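Here is the structure we will look at.
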């Protein structure tokens, strides 16, 4: 087989593989709007416009090291500086809905302690959202996101 033909065949195969296996498999699954309802017993759900936020910040800004981008969270970088892309990008994939629950207590008893100081989900949302909103000088009061039930 000639070199020209090898290059052509290789290019075709690589092109076909890129179509079959896209670089970011979840890219087509990213929701435009996310409903945050983890404290639904007290407040109405918070509607988070993911699409709008994608336009003003990189994925790694919120998803830290899970999207394969270099991490930017100083708490994560010491261990995760060489992070690779993972499938879990939801906040609750790393931040416990119930940080005082049995699962987190079990982790705290482990021989090797990792992530025991990771903020719970509610705290992570507030730290991330309010910190960014403060920096950008945009709406940042409780009532801007939350409305009481009933």
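The values are calculated or read from the model by the stated rules, or taken from the named source; none is laboratory data. What you see is a predicted model, and the numbers here were worked out from it, not measured in a lab. Note: ideal-geometry Cβ built from the backbone for every residue, glycine included; neighbour counts use all protein chains shown.
The residue that is nearest to residue 31 (Cα to Cα), among those in segment 64-97 that are at pLDDT 80 or above and assigned to a helix (DSSP H, G or I), is 91. If you go through segment 37-51 and pick out every residue that is assigned to a strand (DSSP E or B) and within 17 Å of residue 130 (Cα to Cα), you end up with 4. Condition check for residue 34 on (1) surrounded by 10 or more Cβ atoms within 10 Å (Cβ to Cβ); (2) at pLDDT 75 or above; (3) assigned to a helix (DSSP H, G or I): one failure, at (3).
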